[in-house]
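A.B. asks: One structure follows; several queries about it will come next.
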Amino acid sequence: MLKINGLTKSYGIFTAVDGLDLNVPKGEIYGFVGPNGAGKTTTMKIICGLLPADKGQVSVAGIDVIKDVRKAKELIGYMPDFFGVYDNLKVTEYLDFYASIYNLNPRDRKRICDDLLELVDLQDKRDAYVDSLSRGMKQRLCLARSLVHNPELLVLDEPASGMDPRARVEMKEILRTLKDLGKTIMISSHILPELAELCTSIGIIDRGKIVISGTVDEIMQQVYSKRFIKVRIRGNMEEAVKVMKESPLITNINKGDNFIEAGFEGNEEEMAMLLKELVTRDIPVISFGQMDGNLEDVFMKVTKGDEA
Amino acid sequence: MMKINPVLQKEMKIRMRGWRSAGMIGIYLVFMALTASFIMIMSRESYYRVTFDPELALGSYTGLAIMQFVLISFISPALTTGAISGEREKQTLDLLLCTRMTPLSIVTGKLFASISQIILLIIASLPIFSIVFLFGGISIKELLELFGFFIIIAITYGSIGIFYSSYFKRTTAANVLAYGTIAFLCFGTIFLTIFYIGIVYNYDYRGFFPLLYINPIIGFSFMLWEQFSGGSINLFPGLFMGTGISTYNISPWIVNLVFNIVLSILLIFLSANKINPLRIRRRTLFSSSKKSLNNIQYKKTKR
Ligand SMILES: Nc1ncnc2c1ncn2[C@@H]1O[C@H](COP(=O)(O)OP(=O)(O)OP(=O)(O)O)[C@@H](O)[C@H]1O
Ligand SMILES: [Mg+2]
């Protein structure tokens, strides 16, 4: 559905998107995750024809976005990260305005607007002025707006920012409904766990490059191809560290108050050997186990902060 | 089937709502009515005269026409200077640009919304304007010429407003520059003409100085002047006003209209190009030096 090849975009001398590749098959919900300034908004704007690309190809349902923007725009629904609404327009008029841009007759328009208001649960606000809505409502309305022309691909730039937890859950429900309707969705966020249960696949972007992508499980596996172990002990810290350092399988030891964390490049048998070694060397081990990585860790590991 | 521009439709809906539009029409009519009553008072002594009084006919017509010209000059740029920058300030421009609407239709939709408002003002003032028929001597053709001139002026000033609105982020900046440009066209050209003629010809210049063709006030005056075939005078060096004189083959007001139309079209296209996110940017002469800068930056950012 959405294919991006070698996309590059610079602002002056700063390269915001740097040879980015990604591929979102039809019917997927693709989570586009990255820290501030990673280039998410820039990428999404290029997809929607709102920014020129310096290099690379973007195609939506086989249509080249860079060559045939107008046609592509009919296939894409875009919700920006920051947006405003017109004052002096009512909710229904607002939707009807955007619907009127596409060649629809007034009766179809009315039906579509009603359906969309129902989808985003704003029926009881239909006659309210758009600037009187709360921020979360405006976001839902903007989502409805991006759907007026029944696009195949939805590009949502942080649609849940500023929403309360309940609204987030509702937003996810709406997106699942849209997925069931056969839409392909690309959704950006800073927060990986937030997207993990919703998305069918995820790409993590950092400094304009996709650092890792795949399904949530695949990403966990890739990042944790190396095991992490955590050993809790009662005293005799120095000796314990010494024992562990002797093992060639141990990498980057991290010493805590009463525990040691370390990477371990071995199988389970070798892990058992390590435990045995610790015990025979009189280290008072309380617990010894493999750590489960969480998504937050994954995010921190694969993206580097500015000071990294 | 012709489809109404959606932006035009929505703009009209928004603009007609609330008190602003009604207030504007009200104030407009007050100014027109004041002008009309002023003319009536001036003409009271001759009011019962049955015979046609050409001076009064001229007075009422030109009085109202000038008032309307001044009002339209003030109002029409103000109606468009917020057209694009306002969308940017409200963060709604991207929402328009990501639809299938072309930048050109967005710009023209905005422009015609404001022209419609001006036309509404002109129509609203028709009852007051009809007092010119009281004194006779005015034909429908002349009225149509006049209103046509007003509409072209509204389009021109509106395009100037839209142009600055799309090139500048802030509506305030667009306002200042739009009125500045209009002031230049109306007055700056006159000063430049006199200045130039003073230096080059030592004020000894008979005829019509070409720079004045772009001056809307002079175009407008010429139209009124010709409608009343008022003979010929030399107002100041470079501004020779007269009818049927060989110094110009085509009436200056026609030239001015053509200039205004061409200018408007140019500004509309420039504005549309400016808001087009994928516009073709001219590769500058500096592109090579930019590249070397890029390398320097690369070294710096590499951590
Ligand atoms: N108009 C612009 N001019 C110059 N630099 C820009 C512009 N827009 C974005 N950038 C830079 O490009 C980089 C990527 O920005 P972008 O908005 O795509 O990030 P993002 O991933 O959406 O971040 P966030 O999570 O904060 O929304 C940033 O470093 C930003 O400073
Ligand atoms: Mg962003």
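The values are calculated or read from the model by the stated rules, or taken from the named source; none is laboratory data. Quick caveat, the model's predicted, so the values are computed rather than measured. So basically every Cβ, Gly included, is an ideal-geometry build from the backbone, and we count neighbours across all protein chains shown.
A.B. asks: With the requirement that a residue be among the hydrophobic types (A, V, I, L, M, F, W, C) and either surrounded by fewer than 20 Cβ atoms within 10 Å (Cβ to Cβ) or at pLDDT below 90 (or both), what does the stretch A:102-120 give you?
C.D. replies: Hits for the stretch A:102-120 are A:L104, A:L119.
A.B. asks: State whether the residues of the stretch B:155-171 include one that is at pLDDT 85 or above, surrounded by fewer than 22 Cβ atoms within 10 Å (Cβ to Cβ) and farther than 27 Å from B:N276 by Cβ.
C.D. replies: No: zero hits.
A.B. asks: Right, here's the next one. Residues that are more than 16 Å from ligand 2 (Cβ to nearest atom): find the helices (runs of 4 or more DSSP H) completely inside the stretch A:128-219 holding 3 or more of those.
C.D. replies: Qualifying helices (runs of 4 or more DSSP H): A:135-145, A:165-180.
A.B. asks: More than 16 Å from A:G208 (Cα to Cα), at pLDDT 90 or above, more than 10 Å from every other protein chain (Cβ to nearest Cβ) and more than 16 Å from ligand 2 (Cβ to nearest atom): does that describe A:A99?
C.D. replies: No; evaluated as a whole, the condition is false for this residue.
A.B. asks: Being surrounded by fewer than 16 Cβ atoms within 10 Å (Cβ to Cβ), at pLDDT below 95, more than 15 Å from ligand 1 (Cβ to nearest atom) and under 21 Å from A:E158 (Cα atoms) narrows it down to one residue among A:D21, A:D64; which is it?
C.D. replies: Among A:D21, A:D64, only A:D21 is surrounded by fewer than 16 Cβ atoms within 10 Å (Cβ to Cβ), at pLDDT below 95, more than 15 Å from ligand 1 (Cβ to nearest atom) and under 21 Å from A:E158 (Cα atoms).
A.B. asks: Looking at the stretch A:143-185 only, could you name the residues that are of a type in the set (K, R) and either farther than 23 Å from A:R111 by Cα or surrounded by fewer than 17 Cβ atoms within 10 Å (Cβ to Cβ) (or both)?
C.D. replies: Result: A:R166, A:R168, A:K172, A:R176.
A.B. asks: Please give the number of the condition A:E74 fails out of (1) within 23 Å of A:Y98 (Cβ to Cβ); (2) within 13 Å of ligand 2 (Cβ to nearest atom); (3) touching a Phe, Trp or Tyr at 6+ places or on another chain (Cβ under 8 Å); (4) of a type outside the set (G, A, S).
C.D. replies: (2)
A.B. asks: What residue, of B:Y203, B:Y179, is buried (at least 17 other Cβ atoms within 10 Å of the Cβ) and either under 16 Å from the mean Cα position of the chain (by Cα) or at positive phi (or both)?
C.D. replies: One residue alone meets the criteria, B:Y179.
A.B. asks: Same structure again: Considering only residues of the stretch A:2-14 that are more than 21 Å from A:I187 (Cβ to Cβ) and within 16 Å of ligand 2 (Cβ to nearest atom), which is nearest to the other protein chains (Cβ to nearest Cβ)?
C.D. replies: Step by step, filter the stretch A:2-14, then rank; the result is A:F14.
A.B. asks: Look through the stretch A:48-66, keep the residues that are farther than 22 Å from A:L104 by Cα and within 10 Å of chain B (Cβ to nearest Cβ), and return whichever of them is farthest from ligand 2 (Cβ to nearest atom).
C.D. replies: Selected residue: A:I66.
A.B. asks: Next question, about the same structure. Is it true that some residue in the stretch A:39-47 is polar (S, T, N, Q), within 14 Å of chain B (Cβ to nearest Cβ) and either away from ligand 1 (no atom under 16 Å from the Cβ) or under 18 Å from the mean Cα position of the chain (by Cα) (or both)?
C.D. replies: yes
A.B. asks: Take the stretch B:55-113 and flag every residue that is over 24 Å from the mean Cα position of the chain (by Cα) and of a type in the set (D, E, K, R).
C.D. replies: Within the stretch B:55-113, B:E55, B:E89, B:K90, B:D94, B:R100 meet the criteria.
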